[in-house]
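Here is the structure we will look at.
The values are calculated or read from the model by the stated rules, or taken from the named source; none is laboratory data. Bear in mind that the values here come from a model prediction, so they are computed numbers and not experimental data. Cβ placement follows ideal geometry from the backbone for every residue including glycine, while neighbour counts extend to all protein chains displayed.
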Amino acid sequence: MGGGRLAGLALTVLVSLPAAALAQQTKVAIGISGWTGFAPLTLAKEAGIYKKNGLDVTIKKIPQSSRHLAIASGDIQCAATTTETYLVWNAAGVPIKELFQLDKSYGADGLVVRPGINSVADLKGKTIAADVPGTSEYFGVAWILNKNGLSMKDVKIVNLSAGPAAQAFLAGQNDAAWTYEPYLSNVRAKPDVGKILATTLDYPMVTDTFGCSPSFIDANPKAVKALADSYFEALDMIAKDPKKSNEIMGADVKQTGEEFAASAKYLKWVDREGSRKFFAGEFDDFNKAAAKLLLEAGVLKTMPDLNLADTRFIQ
């Protein structure tokens, strides 16, 4: 009798579990950085959203400059990065398709300069810390210089990624630096050391998307749909419980919930409908402009394939 009661209890537990939890979960590794805009991807993991949707997700912090190498090696299957970076990765022989938009920067990325530098023109001949060619930081500097009649040849670039670039700048190194939140706020807090010359409010060119290798997409269409759905569920959680969400997302980048919320106010996460609108219009125009600039900067050698979106999973 005791064994029968135990068997019945086990059956009751199994019946009460979600179907996704009973099915074998699809393993997927995602490459990101500590950028505030990627935080909902971390939230989806820490809050159990991926698991609920049948995914066994590993999130790896990998510098943007080598994230595509991790895809090529199979160490990760998906990644988050700025949309123009996909042009560079695909041109380098690492195929990856963009699936949904993550965020758009509204002042969360910017160029910080010493107090005596008052215009982009003043940067001529100066030393700017920015990551290597093919990264969003390098592209951001190139974009702003281009819009002001200058090019990368007019400045000296010291290759540092966003975090180290901000740290070096605050330590008195270099004339300028390109960085982003949460590091940008560290400079906002020290006007005696430097100031923010321009951000993505002045030059709106930073938007991030989520992509996966075509082989992973083809082999796991249900899992890819679950990745998209999980991201949008994470945005719903942020809207419903911002305090808890900010605490979870902030902890990942060693910030309090309040500090994280302050960083996040400089960007906007994009919901499903916003993602659809982006790929239906702005995406193509931006890619054309970005490809032209990357060619002029020598990052690309030939015009790449601009058809890099797979929007089936946000419909």
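In segment 298-315, what residues are surrounded by fewer than 16 Cβ atoms within 10 Å (Cβ to Cβ) and part of a helix (DSSP H, G or I)?
R312, the sole residue that qualifies.
Consider only pairs whose beta carbons are under 7 Å apart and that are at least six residues apart or on different chains; among these, list those whose first residue lies in segment 196-207 and is of a type outside the set (S, T, N, Q) and whose second residue is part of a loop (DSSP other than H, G, I, E, B).
L197/I117; L201/Y106; L201/G107; V206/T200
Quick one: which of S66, S16, S105 is touching a strand residue (DSSP E or B) at 6+ places or on another chain (Cβ under 8 Å) and modelled with pLDDT under 95?
Being touching a strand residue (DSSP E or B) at 6+ places or on another chain (Cβ under 8 Å) and modelled with pLDDT under 95 holds for just one of S66, S16, S105, which is S105.
Looking at (1) assigned by TED's automatic domain parsing to the domain that holds A165; (2) more than 26 Å from S275 (Cα to Cα); (3) not charged (D, E, K, R), which is the only condition L69 fails?
Answer for L69: the failing condition is (1).
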